[in-house]
Amino acid sequence: MHGDHAWDLGGQWVGGTHKLLQSVVKDLGLEVFDQYDEGKHVLDINGNTAFYEGNISTLNDSYSLEGVFECIGQLDKMALALPSVRNPLEKDAELTGIDRETEGTPLIWDQQSVGEWTEKNVKGKDARTIIDWFARVCLGQEPTELSLLYFLVFLRAGEGYSRLADIRGGAQEKRIVGGTMQVSTKLGEKLKKNPLCQGVLLNSTVRSIEQHKTGGVRVTVWRDGADPSTRKFYHSKYCVVAVPPTVAGKIEYFPQLPAVRDELTQRMPMGCIIKTITIYKTRFWRDKGFSAEAISDTGPIFICYDDSALDGTAAIVGFIGAQAARSWATKTQEERQHAITQQYAKYWGEEALHPIKYLEKDWHGELHSRGCYVGLMAPGALTACGQGLSEPCGRIHWAGTETASRWIA
Ligand SMILES: Cc1cc2nc3c(=O)[nH]c(=O)nc-3n(C[C@H](O)[C@H](O)[C@H](O)COP(=O)(O)OP(=O)(O)OC[C@H]3O[C@@H](n4cnc5c(N)ncnc54)[C@H](O)[C@@H]3O)c2cc1C
């Protein structure tokens with residue numbers, strides 16, 4: 001919160017094709033508005049800073065970006081050729097439009113990282129930087145840490161590169177008036193009123209799940225920081241665990257889970273992201289014809305946007321991702337704020353050096369999330385234990401965004 005305003009330090013945007021979320025937002029009586037994107041954007045990569053409107057293709061004079069669109073087209077083609085999001089390694093599946101000899105197969109794609117693929121397949125340095133940047137920003141991991149196949153699965157679930165990266169028609173199209181957190185708080189209020197949901201227990205952590213031979217499940221819960229003797233037990237026929245796999249791996253299971261599921265929980269780390277909001281007295285960048293959208297490969301902020309409230313309260317939201325997030329997490333909040341405002345001043349002038357408030361959240365250090373936006377896979381993990389992701393283990397079923405077949409994260 002700053003004054004009367006709430007800013008989201010977690011999820012924020014409603015995408016143009018997030019149809020289910022859009023209908024929940026409407027049912028809850030919330031309103032959306034367009035993400036501001038008018039004016040010049042910044043591209044600050046490989047030691048060069050340039051300004052453009054619309055699409056980066058207009059920057060061909062300042063950068064050698066020729067390869068970018070071919071590469072995005074190739075990645076989208078490979079993603080679309082996958083047999084499915086949930087079973088990308090389906091045996092003998094037809095890979096429409098793919099020449100297995102020259103372009104590979106899902107199994108081969110899972111043996112290499114995104115970084116290895118871009119190194120081999122994207123010719124220009126600037127074009128390579130853009131693709132690598134996307135992995136850092138959209139997934140919070142270094143391209144060298146990320147399986148190409150998992151990246152393709154993510155692209156396929158998100159309807160392709162442009163849909164994921166864009167504002168208009170893309171995942172960053174709309175914001176919710178008053179903040180996206182209201183979706184959770186309003187759903188919580190509705191739950192409280194529903195007589196069928198009186199057993200909902202908030203602010204408590206599931207510690208263990210036991211499955212009994214006679215049928216049924218016992219879940220043990222106690223609050224963080226409380227004495228374990230305060231634990232409570234819940235009994236049910238089935239149990240749905242809707243947390244990221246690496247978070248689910250911290251729960252104890254009796255009997256032990258099948259090895260493939262246990263291995264999956266060890267091989268699906270979260271991405272590393274620090275989300276920051278810098279609040280100003282005025283939207284000085286707009287007065288100068290800028291959108292506040294900037295792409296950088298050095299940071300600390302790798303991507304930022306105008307985050308002003310509808311009433312004009314001025315703010316910029318910026319993300320630090322992947323290895324940079326790990327490094328900046330070791331510094332103080334003051335050091336991060338200083339470096340971020342310096343970066344903004346480089347783009348939009350010295351007014352950026354004087355925010356009235358700075359807010360941030362390092363998701364990598366969050367006990368019950370362990371990072372964001374979503375669980376990820378390094379090369380080989382999908383092949384080794386991908387089937388453990390959503391296959392039920394007895395009476396325990398797995399849910400959460402990682403198990404989605406559309407819009408993973
Ligand atoms: C900084 C950030 C920005 C994002 N931006 C966007 C965006 O703009 N648009 C978008 O669509 N998505 C965005 N996302 C992603 C989106 O928030 C996630 O995809 C979504 O929250 C996943 O929902 P989930 O229910 O699967 O898991 P979660 O939201 O992680 O929910 C799991 C819940 O379980 C709780 N929990 C964990 N362990 C236990 C336990 N042992 N016992 C009891 N409870 C437990 C956690 O505290 C948490 O409340 C963003 C995420 C972050 C962090």
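Just so you know, all these numbers are worked out from the coordinates, no wet-lab data involved. Everything numeric here is computed off the predicted structure, so don't read it as measured data. Please note: Cβ atoms are built from the backbone with ideal geometry, for glycine as well, and neighbour counts cover all protein chains shown.
Only helices enter this figure: runs of n ≥ 4 DSSP H residues, each worth -39500 (n - 2.57), summed and divided by the residues of the chain, yield -8500 deg cm²/dmol at 222 nm to the nearest 500.
Taking amide H atoms as placed 1.01 Å from N in the peptide plane, the amide H of Asp8 lies under 5 Å from those of Thr180, each 5 or more residues away in sequence or on another chain. Taking other C-beta atoms within 10 angstrom as a stand-in for reagent exposure, Ser296, Ser84 fall in the order Ser84, Ser296, fewest first. A simple charge model with +1 on the Cβ of Lys and Arg, -1 on the Cβ of Asp and Glu and nothing else charged puts the dipole of region 60-126 at about 160 debye relative to its Cα centre.
When each of Asp37, Asp287, Asp126, Asp110 is scored by the number of other beta-carbon atoms lying within 10 Å, the sequence from fewest to most is Asp287, Asp37, Asp126, Asp110.
Where both residues lie in the chain, what percent of DSSP beta bridges are antiparallel, nearest 5? Close to 80 percent. Length gained on full extension, Lys237 to Ala339: 31.4 nm, using 0.36 nm per residue less the C-alpha separation.
Comparing Leu28, Cys197, Trp398 along the charge dipole axis of the chain, the residue lying farthest to the positive side is Cys197, per the Cβ-charge model. Given axes a ≥ b ≥ c from the Cα gyration tensor, I'd like to know whether region 17-81 is rounded (a/c under 1.5), prolate (a/b larger than b/c) or oblate. In terms of gyration-tensor shape, oblate.
Here the chain is treated as an ellipsoid with the same Cα gyration tensor; its semi-axes, largest first and in whole Å, are 36, 29, 19. Taking amide H atoms as placed 1.01 Å from N in the peptide plane, the amide H of Thr17 has no partner under 5 Å among residues 5 or more positions away or on other chains. Projecting the Cα atoms of Ala345, Thr313, Ser296 onto the charge dipole of the chain (Cβ charges, centred on the Cα centre) puts Thr313 farthest toward the positive pole. Annotation: extensible slack from Lys193 through Lys120 equals 20.6 nm (criterion: 0.36 nm per residue apart, minus Cα-Cα distance).
Share of pairwise Cα-Cα distances greater than 20 Å in region 5-137 is 63 percent (whole percent). For region 197-322, the dipole from Cβ point charges (+1 on Lys and Arg, -1 on Asp and Glu) about the Cα centre works out to 480 debye, to the nearest 20.
Candidates His368, Val114, Ile131 compared by Cα position along the dipole of the chain: farthest toward the positive end lies His368, with charges placed on Cβ.
Cβ crowding within 10 Å, taken as a proxy for footprinting-reagent exposure, orders His368, His212 from fewest neighbours to most as His368, His212. Stokes-Einstein diffusion coefficient for region 208-367 at 25 °C in a medium of 0.890 mPa s, Rh from the Kirkwood formula over Cα pairs: what value in µm²/s? My calculation gives 129 µm²/s for D.
Close amide H pairs (under 5 Å, H built 1.01 Å from N) link Lys40 with Phe290, Ser291, residues at least 5 positions away or on another chain.
For the chain, a crude dipole built from +1 on the beta carbon of Lys and Arg and -1 on the beta carbon of Asp and Glu, taken about the Cα centre, is about 1760 debye to the nearest 20. Across every pair of non-identical alpha carbons in region 287-409, the mean reciprocal distance, once inverted, gives a Kirkwood radius of 17.4 Å. For region 308-316, putting each phi into the Karplus relation 6.51 cos²θ - 1.76 cosθ + 1.60 with θ = phi - 60° gives couplings of 5, 6, 4, 7, x, 4, 8, 7, 10 Hz, in residue order, rounded to whole numbers and with x for Gly and Pro.
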